[in-house]
Amino acid sequence: MHSNKHFKGLVAAMFVVALAAVGGAPAAKAAEQLKIGFVYVSPVGDAGWTFQHDISRKDLEKALGAKVKTSFVESVPEGADAERVIREFAASGHKLVFTTSFGYMNPTIKVAKRFPGVTFEHATGYKHAKNVGTYLARFYEGRYLTGIVAGKMTKSNKIGYVAAFPIPEVVRGINAFTMGLRSVNPKAQVNVVWVSSWYDPGKEREAAETLIAQGADVVTQHTDSTAPVQAAEDKGVYAIGYHSDMSKYGKKAHLTAATHYWGGHYIAAAKAVMAGTWKSQGIWGGIKEGMIKLAPYGPAVPADVRALADAKGKEIASGKLHPFQGPVKDQSGKVRIPAGQTMSDKDMLGFKWYVEGVIGELPK
Amino acid sequence: MQLRLEPRAMPSKWLRYSSPLIALALTLVFGVILFSALGQNPAVALYTFFIRPIGTLYGLSELCIKAAPLLLCAVGLAIGFRGNVWNIGAEGQLTMGAICGGGLALAFYGDEGPWLLPLMIVGGGLGGMAWGAIPAFLKTRFNANEILTSLMLTYVAIQVLGYLVHGPWRDPEGFNFPETRLFGEDALLPVLIEGTRFHFGVVLAVLAAMIGWVFVTRTFAGFQIKVVGQAMAAANYAGYSGNRVVWTGFLIGGGLAGLAGLGEVAGPMGQLNPTISPGYGFAAIIVAFLGRLHPAGVLLASLLMALMYLGGESLQMNLNLPLAITGVFQGTLLFFVLASDVFIRFRVKLVHNVPRTAP
Amino acid sequence: MAEIDTIVAILVATMRAGTPLLFAALGELITEKAGVLNLGIEGMMLVGAVAGFIAMVLTGSPLIGVLAAMAAGMAMSGLFGFLTLTLMANQVATGLALTIFGVGLSAFVGLGYIGNPIQGLPGLAIPVLGDIPVLGSLLFNHDPLVYVSLVLLAAVTWFLYRSRAGLILRAVGESHEAAHAIGYSVLKIRYLAVLFGGATSGIAGAYLSLVYTPQWAENMTAGRGWIALALVVFATWRPARVLLGAYLFGGITIMGLHVQAAGFAISSHLVATLPYLATVLVLVLISRDATRIKLNAPAALGKPFHSSG
């Protein structure tokens, strides 16, 4: 990733810039090159949330070549430091800044007020300003499809779900997965274990093993490491990854993964900023927009299951199918979304109840 | 031939102040080697790390903001460490201070006045003190080792914070995301320099360091702590109570850490979220020792530590160097600073293989 | 039968979760018994984890992986020893700096090895015995390092209380002046103890990267080094209690997960506090007998020593 060649290429440019800054000489006007900053919440790693943002950043560089220059800061805590990093990007000539974690929402809004000429895009938030847009993926669409795969593959009808924190995004994923699961296998149920961390390979593995010990024969996750997939591989059960294709960690176990991809959006946003056509909006893209994809199916998934999941994916993309299409019942059996209706985006954003088929109560 | 360390009759006063410069020189040499090996221009890299982050008024103000919580925590810890009170749970006390002070801001939201901020400051300090009081109580009453209890309580405090912001305290208009609402105007520490985030909490931190200095050098309680720390037998003889020192250390350390937490949430953050501190409470332990457990030294050490954070960001942003390099560089810098202190008390001699016959 | 299976699963998982803690804490115990406080366990574990992983990828041999992890941990602790023993730098601060350094160093050398899954260490089922129901999976069906950790525990216990070298080590930790006066080389003994601590921390890291979650990822120890440190105190410097602490801590974590998986509605945050609270509670119960603790705690812990010639 950070190869020496890459460095040497940069050094010359950096040196000129630094000299200009030190010597006070006017910096040569880079020919309309758009500098883009990325703020990451964790190390890039090789799977997980930040990794997906980083491959998308690289695709952006590849697609637009010399017209853009990107840089990033990783492991930026979501406390007081975020504002400084975001502001530093804005103050050092970056005209487009992507802040890629929910906790950066208020810092982004604060900095944006001070830098009206800079465009900001915040992932997963809900606050907007004239120069702040948001973007989010309809992760639940992918979850629904992986639920279908799990429903077809399970024999014990028990699915284990390793989750980080009970926030709406995670709850939405659990519910969408369960809706997909029970659309093909009404007897199947989902057990959830919260590990209270986005990233702790050891604990994620313990959680996965716990679920397997209690009878789960498919394990999926809403955490960052690949440990649950490895646990499934070792214990001889199936796994469904999240964020990234995790198949290399479970050659036999990995059925598929609900992945997300931001490259298309990053390229579009950069182009819009360069063309002066960028407008603040709340983008929520799914399968249709190419933000959500299933990872390639593992060898264990039979052709008819693949065909079914692919077909349902097309239906979701075309708008014919919605994962939360009534009737949607909650755990008590009460109908929350009557037949013929679908859940509104606003209700989905604030999800705080489980659908029927999830075991246990949602921690309050 | 080998290197030998020989104790000086008197610690060298001159080296007391110049040993950090030796460390700095060694760090620069190491930096040149490290960055050259990475294919970087070492001059540019060192400039990017040490100078560039503080080249502007805004940068300087950020340095102060970053140093403030470290300073508050480290002054409190240093006072305890002088008396051999091993509080390594400042992180938890900081978190609890943020919870208590921030909780007041939430409780009186929409119903506030100029009285709120002082109340929050008191609440933050008391919250940290209360959390520090638990290890003190367990130590004095049950003899439970404070290293373990204060560390474990840190994890508990962080989970309590998580519970609150994920649950009862989350922003009612926030789509159930894990953060509280933004505090009202009256609950925020005033910004003192327009255009920056330099807030009143920085002043509080410096005041705390000054009061700490007076406490350590000019009061009887400060003297007692020192005696207990250096010679327990003498302290017993003089009738000083070890238990009182434990309580003093934890209450001061916890209170100041609590203030640090409050300064974060009522200062630059303006709300509570699950990650208030990126480890200030732990970093402050290093700061306390780098500052040789003296409030004035701690002030300088906290600025150095803060600069290392800013420099790390700067290296990533400007030279695309990974964060990992920063860790290696920071660790090495600390090693040099810590190791250089040896020259204060010892002189280095080259001896030919004739041990124990130094002149 | 289902209940028994669950209980066995909990106990087996507990042993696995406790094993890295046990390794690291036993090393720190020896280090502290010699009078040296090394707070850099987390950093040594990470460097051990990455070194073990790289060696395993390059050679394909788990044994070489574990040995490389030991060597890397020893190199880290040797650095610590040089700073604190030879140069007499402050132990607390140097240990913390060692962690910052180790986190960075491991991330840096591991950059090219992220996303390189390996086949973890295979289990070592003991023939015949491993097939006994319940007891077989409980005692005779673990990965090799679990057995090694238990052997190490026995060895450390024997060393400290039954061997002459252990007696000397404890003497050095009790009063380095006295030990020096008798003619023991305080510095040499402390170096050896510190190196031993580095070696076991290295194995603890390798347990994570080679066995528990066979992969390398930055910061994969996720704070276990700090828990190991706390366990030495928890154990009041007695080896058997280190085992108790490691399994107690691991066990309560695993229980919390099982309780959740069974569908009980408890705040996951509050569940996560349980291992910490339980450790504090048990320590309070153990510590009430003040004199016995004083006997165990090395009196010269953290104090620098210089043999003025």
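Since every read-out is calculated from the coordinates, none of them should be taken as a lab result. The model shown is predicted, which means the values in this text are computed figures rather than measured ones. Here Cβ is always computed from backbone atoms with ideal geometry, including for glycine, and neighbour counts include all displayed protein chains.
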Evaluate 2.2 N^0.38 Å with N set to the residue count of the protein assembly as shown, then give the Cα radius of gyration divided by it.
-> 0.93
FRET efficiency (C:ALA178, C:LEU150; Cβ distance; R0 35 Å; to 0.05) is 0.55
Express in whole angstrom the spacing between the alpha-carbon centres of the stretch C:124-178 and the stretch C:57-108.
-> 23 Å
Within chain C: Cβ-based charge dipole about Cα centre, in debye rounded to nearest 20 (Lys, Arg +1; Asp, Glu -1) | 860 debye
Compute the FRET efficiency between B:LEU21 and A:LYS58 as 1/(1 + (r/R0)^6), taking r as their Cβ-Cβ distance and R0 = 35 Å, and round to the nearest 0.05.
-> 0.25
Taking the Cα-to-Cβ direction at A:ASP304 and at B:LYS13 and moving 7 Å from each Cα, how far apart do the two end points lie in nm?
-> 9.3 nm
Take the Cα atoms of the stretch C:2-296, find their three principal axes, and give me the spread along each one in whole Å, biggest first.
-> 63, 50, 43
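Can you sort B:SER314, C:SER209, C:SER163 by how many other beta carbons sit within 10 Å, fewest first? It would help to have the intermediate numbers written out before the result.
Numbers: B:SER314 28, C:SER209 32, C:SER163 12.
Sorted ascending by nearby Cβ count, the order is C:SER163, B:SER314, C:SER209.
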Rounded to the nearest 500, what is the 222 nm mean residue ellipticity of chain B from helices alone, with -39500 (n - 2.57) per DSSP H run of 4+ residues and division by all residues?
-> -22500 deg cm²/dmol
On Cα atoms only, tilt of A:4-23 relative to the major axis of chain A in degrees | 40 degrees
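What value, in deg cm²/dmol to 500, does the helix sum -39500 (n - 2.57) over DSSP H runs of n ≥ 4 give at 222 nm once divided by the residues of chain C?
Working: 13 runs with 214 residues, N = 309.
That comes out to -23000 deg cm²/dmol.
With only Lys, Arg, Asp and Glu charged, each at its Cβ (+1 for the first two, -1 for the last two), find how big the charge dipole of the protein assembly as shown is about the Cα centre; round to the nearest 20 debye.
Values: 79 positive and 57 negative charges, 302 e Å.
It comes to approximately 1460 debye.
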Can you name the helices of chain C, as whole DSSP H runs, whose Cα span along the helix axis is 27 Å or more and whose Kyte-Doolittle mean is not below -1.0?
-> C:2-33, C:62-81, C:186-206, C:239-261, C:268-287
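I'd like the mean, over residues of C:205-218, of how many other protein chain beta carbons sit within 10 Å of each residue's own Cβ.
The shielding value for this peptide is 5.
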Chain lengthening between C:ILE4 and C:ARG288 when straightened (0.36 nm per residue, less Cα-Cα) | 98.6 nm
With labels modelled as points extended 7 Å from the Cα through the Cβ direction, what inter-label distance (nm, one decimal) is found for C:ALA165 paired with A:LYS155?
-> 5.2 nm
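Give, as a single signed number, the net charge of other residues whose beta carbon lies under 11 Å from the beta carbon of B:MET10, with Lys and Arg counted +1 and Asp and Glu -1. Could you put the intermediate results ahead of the total?
Working: positive: B:ARG8, B:LYS13, B:ARG16, B:ARG345; negative: none.
Counting the neighbours of B:MET10, the net charge comes to +4.
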Paramagnetic reach from C:VAL57 (point 7 Å along Cα→Cβ, amide N under 20 Å) across the stretch A:39-54 = A:43-52, A:54
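As a footprinting exposure proxy, order C:ILE286, A:ILE36, C:ILE118 by other Cβ within 10 Å, with the fewest listed first.
Numbers: C:ILE286 21, A:ILE36 26, C:ILE118 17.
Neighbour counts put them in this order, fewest first: C:ILE118, C:ILE286, A:ILE36.
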Stokes-Einstein D (µm²/s) once Rh is taken as the Kirkwood radius of the stretch B:66-291 over alpha-carbon pairs, at 20 °C in 1.002 mPa s = 122 µm²/s
When the charge dipole of the stretch B:66-291 is computed with +1 on Lys and Arg Cβ and -1 on Asp and Glu Cβ about the Cα centre, the Cα farthest towards its positive end, among B:LEU71, B:PRO190, B:VAL160, belongs to B:LEU71
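Report, in cubic angstrom per residue, the convex hull volume of the C-alpha atoms of the stretch A:21-137.
Details: hull volume 14.2 nm³, N = 117.
Each residue corresponds to 121 Å³ of Cα convex hull volume.
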Taking Cα atoms, the helix B:116-142 axis meets the longest principal axis of chain B at an angle in degrees (rounded to 10) of 60 degrees
Cβ-based exposure ranking for C:LEU21, C:LEU11, B:LEU323, in which fewest neighbours within 10 Å come first = C:LEU11, B:LEU323, C:LEU21
GNM flexibility winner over chain B from B:LEU153, B:LEU21, B:LEU321 (Cα, springs under 10 Å) = B:LEU21
Within the set A:LYS251/A:LYS288; A:LYS248/A:LYS312; A:LYS248/A:LYS334; A:LYS346/B:LYS66, which residue pairs have Cα atoms separated by over 31 Å?
-> A:LYS248/A:LYS334; A:LYS346/B:LYS66
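Give the calculated FRET efficiency between A:LYS35 and C:ASN116 to the nearest 0.05, with a Förster radius of 45 Å applied to their Cβ-Cβ distance.
Numbers: r = 33 Å, r/R0 = 0.73.
The calculated FRET efficiency here is 0.85.
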With each label point set 7 Å from Cα along the Cα-Cβ vector, what nm distance links A:LYS288 and C:LEU244?
-> 6.4 nm
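Counting pairs of Cα atoms in chain A, how many percent are more than 29 Å apart? Numbers along the way, then the final one.
Working: 28745 of 66066 pairs.
Result: 44 percent of Cα pairs exceed 29 Å.
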Reduced to Cα centres, the span from the stretch B:327-348 to the stretch A:291-316 in Å works out to 59 Å
Between Rg and the Kirkwood Rh of the stretch A:229-282, both from Cα atoms, what is the Rg to Rh ratio?
-> 1.35
How much mean residue ellipticity at 222 nm does chain A get from its helices, if each DSSP H run of length 4 or more adds -39500 (n - 2.57) and you divide by all residues, to the nearest 500 deg cm²/dmol?
-> -12500 deg cm²/dmol
Can you grab the distance from the C-alpha centre of the stretch C:185-251 to the C-alpha centre of the stretch A:227-243, Å, no decimals?
-> 27 Å
Excluding C:GLU32 itself, calculate the net charge of residues whose Cβ lies under 14 Å from the Cβ of C:GLU32, where each Lys or Arg counts +1 and each Asp or Glu counts -1.
-> +4
Can you give the angle from 0 to 90° between the axis of helix A:105-114 and the longest principal axis of chain A, with both taken from C-alpha atoms, to the nearest 10?
-> 20 degrees
